[in-house]
Every structure is written in C-alpha cells, then in structure tokens.
Amino acid sequence: MKKLSAKDDDIRADYTQSDLGPLMRGKYAARYAKATNVVVIDPALTKAFPNNEAVNDALRSLLAVATASTARTTRASRADRHHVAV
C-alpha cells in the first residue's frame, strides 16, 4: 500500500472554531434520550443486582407477583356469604 505524503493529504493540521461553523451544545440530546432506556441503579443496589440480567429477572418476578395479586379471585363475595344457611 502506498503511503501518502504530507502534500497529498488534504486534511489540515489544525482547525479553528470559525472553520467548523456555529456549534450547538446538546443538539441531539433530546433525540438520544427518547431513543434510549438507560436506567441508573442506586449504588447500594449493585451488590444485589450486578448486571442487567439480574435486574431484568427481578423486575419480571415483581411484575408476575403484581399481576397475580390484582387478578380477580373466585371467592364468594361478602353478599354471598350472608345468604348461606347456618
């Protein structure tokens, strides 16, 4: 492969602020935040949840318990219990 000489290289050694045009801080920050779902875990919890797999497993278990506990049960309602013959 042929090496480029310094005069063949069209990239300047230094650029000034005016060469780059107007700069905007955080131009893509909103788009980035919308497209990602990064969650920062409290440092005190990192021993219990050392990686994303541990966090996901715990959240799936919590979701299963939460949805099971809010499901309607088949027990008799309070009104039905009062009509039972004693």
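The values are calculated or read from the model by the stated rules, or taken from the named source; none is laboratory data. Bear in mind the structure is a predicted one, so any value in this text is a computation, not a measurement. Cβ coordinates were reconstructed from backbone atoms using ideal geometry, including for glycine residues, and neighbour counts include every protein chain displayed.
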Next on the checklist: Tally up the residues in segment 10-34 that are modelled with pLDDT under 85, surrounded by fewer than 10 Cβ atoms within 10 Å (Cβ to Cβ) and assigned to a helix (DSSP H, G or I), please.
Outcome noted: 4
Next on the checklist: Considering only segment 46-64, I want to know if a residue exists there that is exposed (fewer than 10 other Cβ atoms within 10 Å of the Cβ), at pLDDT 80 or above, among the hydrophobic types (A, V, I, L, M, F, W, C) and outside any loop (DSSP other than H, G, I, E, B).
Outcome noted: no
Checklist entry - Quick one: would you say ALA6 is modelled with pLDDT under 90 and surrounded by 10 or more Cβ atoms within 10 Å (Cβ to Cβ)? => result no
